[in-house]
Every structure is written in C-alpha cells, then in structure tokens.
1. Residues being in contact (Cβ under 8 Å) with a residue 40 or more places away in the chain, part of a helix (DSSP H, G or I) and of a type in the set (A, V, I, L, M): count how many of those fall in the range 281-305.
2. Please determine whether any residue of the range 545-561 is touching a helix residue (DSSP H, G or I) at 6+ places or on another chain (Cβ under 9 Å) and over 17 Å from V179 (Cβ atoms).
3. Which ones in the range 149-189 are under 23 Å from the mean Cα position of the chain (by Cα), part of a helix (DSSP H, G or I) and among the small types (G, A, S)?
4. Restricting attention to the range 16-50, which residues are over 33 Å from the mean Cα position of the chain (by Cα) and either exposed (fewer than 12 other Cβ atoms within 10 Å of the Cβ) or modelled with pLDDT of 90 or more (or both)?
5. Given the conditions (1) under 20 Å from the mean Cα position of the chain (by Cα); (2) under 19 Å from Q78 (Cα atoms); (3) open to solvent by less than 40 Å² (accessible area, probe 1.4 Å), and given that W146 satisfies all but one, which numbered condition is not satisfied?
6. Scanning the range 362-377 for residues that are touching a residue at least 40 places away in the same chain (Cβ under 8 Å) and not polar (S, T, N, Q), which turns out surrounded by the fewest Cβ atoms within 10 Å (Cβ to Cβ)?
7. Of these, A315, A347, A325, A359, which one is open to solvent by less than 20 Å² (accessible area, probe 1.4 Å) and at pLDDT below 85?
8. Determine the pairs where a residue that is under 17 Å from L172 (Cβ atoms) and of a type outside the set (F, W, Y), located within the range 536-561, has a partner that is outside any helix (DSSP H, G or I) and open to solvent by less than 10 Å² (accessible area, probe 1.4 Å) with Cβ atoms under 6 Å apart, the partner being 6 or more residues away or on another chain.
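The values are calculated or read from the model by the stated rules, or taken from the named source; none is laboratory data. Worth saying up front: this structure is predicted, and the values here are computed from it rather than measured. All Cβ positions, glycine included, derive from the backbone under ideal geometry; neighbour counts span all protein chains shown. Keep in mind that these areas ignore ligands, DNA and RNA; they rest on the heavy atoms of the full protein, side chains included. Shrake-Rupley method; radii C 1.70, N 1.55, O 1.52, S 1.80 Å.
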Amino acid sequence: MEKAAGCPSVGGSYPQKNAEILSSQYGINLFLAGLLLTFAWAVHAVGISKSHLLSYLITLMLIQLLWMLWYLGRSCTQRRLIRDKDTHAGARWLKCGITLFAVITLILDSFKIGYYIDFSNCLSPTEGIFPVTHAVHTILQVYFLWCHAKDIIQSFKTLERFGVIHSVFTNLLLWTNGVLTESKHQLNEHKERLITLGFGNITIVLDDHAPQCNCTTTTLCSIFSQGIYYLYPFNIEYHILASTMLYVLWKNIGRKVEHHQQHKTPFKFHGITIGMIFGLVVLTSTIAIVVVYLIQIGRSKIKSELALTMFYLHAIFVLALMCTAGIVALLIYRLEDRSLDNSKNPARKLDAELLVGTAAGSWLLSWGSILAIICAQAHPKYTWYNLPYSVLVIIEKYIQNLFIIESIHREQEKVNDDIKTLRIVTISRGSTLSLTPSYKEIYNGRAGLESGEVPCLLKGSVCGRENDCCTKEETSQDKSSVMHSASDISFYSRNSVTNNKRRILKNIAAFLFLCNLSLWIPPAFGCRPEYDNGLEEIVFGFEPWIIVVNLAMPFSIFYRMHSAASLFEVNCKT
C-alpha cells in the first residue's frame with residue numbers, strides 16, 4: 001500500500017524527465033547532422049557545397065527566431081507566468097561581455113554583406129542571406145538573454161525544453177562554422193610560412209575557397225576579406241558564451257529553488273592596485289610580443305626562429321608568475337577554515353566542468369609537443385624552449401582550475417554577523433555600556449537603548465533598571481571591561497588578518513584575470529607556435545598534427561576567456 005501511495009508522486013516526474021532526455025537527443029542529432037555537413041564541405045565532398053551548409057544554418061536560426069519571438073510575446077502578455085529566478089545565472093558582467101562580442105559580430109556580418117556585394121556575380125545567394133539572418137538572430141538573442149537568462153520556466157516545460165536546446169546547439173553549430181572558417185584561413189598562412197623555416201619536405205597544398213571571379217572594388221574587397229578573419233575570434237567567443245547561458249536556462253527548466261536573497265557583489269578597484277599593475281604590464285607586453293611575432297614570422301628563417309624564441313621566453317615567464325600566484329592563493333585557502341557551498345547550482349557546476357573540459361585541449365597540445373621534443377632526431381635551438389613552456393602550460397592550468405573551482409564554491413564571510421555575535425558574547429559576560437561608547441557599541445547596542453533596555457546579563461538572569469542590579473554590576477565593572485577590551489583586541493586582530501588575506505586573494509584574482517586575457521590574445525589572433533614550430537609536423541606527420549591542433553586549439557582559446565570570466569567573478573566574490 002505504501003508503494004501504491006508513493007507511485008503518483010514518483011511517476012509524476014517521469015514525463016518531465018523523458019522530455020529532458022528527448023530534447024537532449026534532439027539537440028545532439030541536430031548538432032551531429034550539422035557537424036557532418038560542415039566536415040563534408042571542409043573536405044570538398046562531392047555534391048556538398050557551402051550553400052548547403054549555410055542553408056542548414058539559416059533554417060536553424062529562423063526556427064530559433066520564431067521560438068524566441070513566441071517566448072517573448074508570451075512573457076509580455078503573461079508577466080506573472082514566470083516568477084522564479086536563478087540569481088546565479090546571467091550575471092551582469094557576463095551580459096555586458098556577450099553584448100560586446102555581439103557588437104563586433106554585427107560588424108563582422110556587415111563585412112560579410114559587403115564582401116558578398118563585391119563578389120555577387122559568382123557567389124551563392126545564401127552567402128548574402130546568411131549574414132543578414134545572422135545579424136537579426138544576434139540582436140534578438142542578446143535581447144532575449146538580457147531579459148530572460150535568469151528565468152526558471154515552470155509552464156509549457158516540454159515545449160520550452162525543445163526550444164532552448166535547439167538554441168543551444170544552433171549556437172554550437174555557428175561556433176563550429178566560425179572555428180572551421182578561421183582555422184582554414186590560419187592553416188593556409190601556416191603552410192606558406194613553414195617553407196621559410198626550412199621544412200621543405202612538407203607538401204604545401206593550399207585549401208582555397210576563394211571566389212572564382214574578380215572583385216568589383218579591389219580595395220574594399222581586400223579590407224573586407226582581411227577584416228573578417230580578424231573579427232572571427234570575437235564571433236567565436238560570442239556563440240560559445242550564448243550557448244553556455246542558454247544551457248543553464250535549459251537546466252533550470254522546472255527546477256525548484258529556495259527563495260533567499262543573494263548578496264550583490266559589485267566589482268571594485270579598491271585594494272587590487274598591485275594585481276592590476278602587474279596584470280597590465282603582462283597585457284601590454286603580450287600585445288607587443290604578438291605584434292612583433294606576426295610581423296617577423298615567415299619573413300626569413302632567422303627572423304622566424306627569433307620570433308618563436310621571443311614568444312616562448314615571454315610565455316614561460318608569465319606562466320611561472322601565474323603558477324606562483326595560484327600556489328600562494330591555494331596556501332591561503334589551506335590556512336582558512338571555511339565551509340563550502342554544496343547547494344545545487346547549474347551555472348556553477350557548468351563553470352567547473354567547462355574549466356576542466358576545455359583545459360584538456362591545451363593539455364593535449366602540450367603533451368604532443370613534449371613527445372615530439374623527446375622523439376625528434378634533430379632539435380633546432382628554439383624548439384628546446386618549447387619543453388618548459390609545454391610543462392608550465394599543464395601545471396598552470398592544473399593550479400588555476402583548483403583555485404577557481406574552490407573559490408566559486410566557498411561561502412562568503414559575514415563580517416557584520418561576527419561583530420554582532422561578539423557583542424552578544426561580551427554582554428553575556430557581564431559588561432555594561434560605557435558613557436562614551438565606541439562606534440561598534442553604538443551600532444550593535446542601538447536597538448536596546450532605543451527600547452529603554454540596558455543589556456545587562458549576570459549569570460543568566462536579566463537585570464532591569466533596579467539599583468540592586470546596577471550596584472552588583474559596579475563591583476565587577478573593571479573586570480568585565482578588561483574582558484571586553486581583550487575580546488575586542490582579539491576580534492580586531494583576527495579581522496585584520498582576514499582582511500589581509502582577502503586583499504592578497506583579490507590581487508591574485510585580478511592579476512590572473514588580466515594574465516588570462518593576455519594569453520587569450522596570441523592564439524585568437526594568429527600567434528600559434530603549435531603551427532609554426534614545425535617539429536611536431538615532422539614527428540607526427542603534417543596532416544595528423546594539423547587535425548589535432550585544429551580540434552584542440554578552439555578549446556584552448558575558449559579556456560582562457562572562460563577563466564578570465566570566472567576570475568572576474570572570484571574577484572567580486574572575495
């Protein structure tokens with residue numbers, strides 16, 4: 001009978017669980033079909049052209065646009081339908097970041113439209129329709145995320161699951177398309193540069209998808225074609241951020257949340273001057289290194305080797321500093337005794353999984369480089385710098401992941417509650433209010449004074465305003481004052497140590513934040529020694545190593561941007 005009584009409540013969750021499974025399978029199949037179509041276009045499969053791929057992506061974007069319009073319309077007409085919010089999802093700084101990337105993506109779409117107009121005689125109409133559709137999709141999606149990223153959907157849950165998961169995998173396919181297009185461009189430049197390093201035994205076959213006609217305006221065509229590839233890194237980051245925010249929205253569908261007030265943690269520059277200064281030095285030097293690298297690489301063998309050496313030495317120095325900062329932060333955490341927040345939080349869980357998952361891309365490349373250095377028969381001088389660089393990449397990500405994941409799981413300190421607790425303890429020990437109370441005494445004892453009560457406790461009994469109680473208190477006033485002062489000194493000492501630890505942690509988080517932004521710049525804008533080193537191609541073969549790099553590099557690039565976003569949150573929370 002007990003099982004029969006429990007069946008309805010248990011069985012009630014089955015439809016929603018099935019909807020979650022069905023929607024996830026729908027999204028995966030949607031993604032795999034698009035991924036296979038993208039791969040077929042990349043390898044010049046017979047009967048598959050770029051217009052087929054773009055038509056598929058346009059269809060997916062139009063379906064998502066219809067769903068978002070329906071959701072926005074329903075939300076406007078029934079404002080009380082969605083009442084619960086996930087306070088941890090869709091942080092304001094994250095929305096600002098995705099808005100910045102979206103604006104640059106719109107510039108990219110305008111360049112594509114201009115490029116299509118100049119080559120309209122030999123390009124498929126889909127190449128003109130795609131950037132227009134993508135621009136509309138970008139504008140509406142950013143608006144949708146600004147307004148509804150925190151929603152916890154409790155109605156039309158089955159339909160909404162399919163709509164949200166469709167949006168997730170649409171953005172993932174757009175991200176894949178951007179990664180592939182940018183990688184093909186980088187690969188063509190890489191093949192041309194390899195010959196300058198003396199690797200003549202590698203066959204140079206350019207993978208050209210250029211239009212087979214002349215441009216109507218040569219200067220504009222050159223600006224559009226070159227500008228597109230410099231803007232692709234921002235487009236790639238935009239779509240991966242959008243997909244993660246939508247995934248959190250999908251996980252929150254039907255979720256039951258506790259209604260509690262979350263303390264806002266705004267970003268403040270106060271107290272992080274040292275970390276910001278060192279971080280800005282790293283950022284400035286990295287930009288200078290990237291500029292020199294892109295100018296020198298491929299010019300001649302000597303200049304290319306010098307550029308690679310310069311890059312490795314700079315990266316080794318930066319990674320060593322980041323490892324040291326991470327170790328110091330972890331040691332501070334080991335000295336503290338603070339509980340972890342283990343409550344269910346889809347956004348926080350996704351952050352931790354993305355950190356470890358995307359770090360695997362860099363680890364794969366690093367282990368490949370280490371193995372190539374060990375197994376290679378000839379070792380140019382500059383390749384030896386690759387060994388400590390690869391080892392430090394592995395160690396640095398390992399330490400940084402530990403620091404970030406522990407930081408986002410640690411509970412915030414409540415200083416005001418500690419002060420109030422101290423006040424209650426000192427009062428219960430028999431201390432009285434002095435005629436010239438301190439600021440802390442005024443703050444904590446204000447309520448008692450306004451109500452006409454004297455906080456006077458002795459051996460668990462309450463003393464009112466009678467003279468007997470006050471007379472007894474006078475005999476122990478000196479002793480209790482000493483105890484009160486000792487407690488204050490002890491508290492302020494502990495509070496000072498805690499503040500110093502927090503200041504160090506905030507500076508470390510600010511420094512690592514700028515360092516991760518700095519290390520995002522080189523691979524995102526074409527400074528990739530994994531391509532230009534040449535040693536890995538000889539050991540593993542040109543095509544196998546290029547496949548590994550093209551698969552792992554996007555995850556490595558995303559790791560740096562995601563780490564920077566997580567460290568920004570850590571800095572606000574600390």
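1. 6
2. Yes: one or more hits.
3. Matches in the range 149-189: S167, G178, S183.
4. Passing the criteria: H44, V46, G47.
5. The single condition W146 does not satisfy is (3).
6. Ranking the qualifying residues of the range 362-377, first place goes to C375.
7. A347
8. Qualifying pairs under 6 Å: none.
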